[in-house]
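Visitor: Pasting a structure here, questions to come.
Every number here is computed from the coordinates shown, using simple stated rules; none is lab data. Note that the coordinates shown come from a computational prediction; the quantities given were computed from them, not determined experimentally. All Cβ positions, even for glycine, are placed from backbone atoms using ideal geometry, and neighbour counts span all protein chains on display.
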Ligand SMILES: C[S@@+](CC[C@H](N)C(=O)[O-])C[C@H]1O[C@@H](n2cnc3c(N)ncnc32)[C@H](O)[C@@H]1O
């Protein structure tokens with residue numbers, strides 16, 4: 001018998017039925033986002049549920065999300081933060097983010113979300129210039145694919161020891177494994193995965209990583225505390 005479970009629509013529904021409940025504003029914002037012409041950009045709901053679990057597990061207090069869209073994942077991660085927690089939400093398209101603001105408010109998390117509307121590379125550099133190196137618990141990369149390696153390099157400076165960097169779409173519906181597939185986005189994701197693998201072989205960096213077959217593929221990188 002095969003050791004992995006193919007995610008058919010039936011299995012997907014089963015997963016959704018067997019995860020923690022989500023708040024009403026979270027569900028309403030997801031429903032709204034899915035009617036958007038770019039609704040496919042929302043992170044897979046099962047993956048969001050897993051990231052919420054991770055945020056709680058590591059008791060995250062400071063999170064960065066790179067690529068917000070309508071803010072479904074921002075809302076869920078902000079709900080996972082303690083009262084004094086903070087999520088820096090980076091996007092360059094206010095029109096998308098505006099759709100979610102009323103739902104952030106309804107969920108009571110708007111005050112935890114610090115929205116930065118500009119190219120995310122600039123926001124990350126500004127955080128470093130403000131001296132915030134090694135201070136974030138969790139950073140989620142989910143914006144333009146050609147910039148993933150640059151996002152990772154800046155995120156790696158901003159993340160704390162024992163903090164997690166997560167990157168979405170790293171399996172690209174499995175297409176990364178087909179080396180004949182030379183689609184640009186697929187190549188960017190393949191290059192990113194190879195980049196992380198090579199970094200992990202560099203002992204000075206001391207990271208542990210796993211490419212998880214959840215949603216569209218979630219690369220998880222832990223910045224290790226030296227043993
Ligand atoms: C896949 S969507 C993000 C989805 C979101 N994480 C979620 O779970 O719903 C990608 C977002 O990245 C934003 N984006 C693309 N390039 C960007 C850039 N250079 N700087 C900031 N945001 C960018 C887009 O405007 C879009 O909203």
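Visitor: For the range 1-64 and the range 154-227, what is the separation of their Cα centres, given in Å?
Guide: For the range 1-64 versus the range 154-227, the Cα centre distance is 20 Å.
Visitor: While we're on this one: Can you sort 168, 144, 114 by how many other beta carbons sit within 10 Å, fewest first?
Guide: On the way: 168 26, 144 16, 114 12.
Least crowded to most crowded, the residues run 114, 144, 168.
Visitor: What is the list of residues in the range 15-29 whose amide nitrogen lies under 17 Å from a point 7 angstrom out from the Cα of residue 59, following Cα to Cβ?
Guide: none
Visitor: Which of 190, 116, 59 has the fewest other C-beta atoms within 10 Å, and how do the rest follow up to the most?
Guide: By the 10 Å Cβ count, ascending, the order reads 59, 116, 190.
Visitor: Using alpha-carbon pairs under 8 Å, 6+ residues apart, how would you state the relative contact order of the range 42-223 in percent?
Guide: Once divided by the residue count of the range 42-223, the mean separation gives 20 percent.
Visitor: Give me the number: length gained by fully extending residue 179 to residue 40, i.e. 0.36 nm times residue separation minus the C-alpha to C-alpha distance, one decimal in nm.
Guide: Result for the pair: 47.6 nm of gain on full extension.
Visitor: Could you work out how much longer the chain between residue 134 and residue 106 gets when fully extended? Use 0.36 nm per residue separation minus the Cα distance between them, nm to one decimal.
Guide: Taking residue 134 through residue 106 to full extension adds about 6.9 nm, to one decimal.
Visitor: At 222 nm, what value in deg cm²/dmol follows for the chain if DSSP H runs of at least 4 each add -39500 (n - 2.57) and the sum is divided by all its residues, to the nearest 500?
Guide: When only DSSP H runs of four or more count, the value is -12000 deg cm²/dmol.
Visitor: Something else now. Rounded, prolate or oblate: which one fits the chain, using the alpha carbon gyration tensor with axes a ≥ b ≥ c (rounded when a/c is under 1.5, else prolate when a/b beats b/c, else oblate)?
Guide: Because its axes are fairly even, with a/c under 1.5, the chain counts as rounded.
Visitor: Could you check what % of the DSSP bridge pairs in the range 42-223 are antiparallel, to the nearest 5?
Guide: Roughly 35 percent of the DSSP beta bridges within the range 42-223 come out antiparallel.
Visitor: Can you sort 222, 138, 179 so the residue with the fewest Cβ neighbours within 10 Å comes first?
Guide: By the 10 Å Cβ count, ascending: 179, 222, 138.
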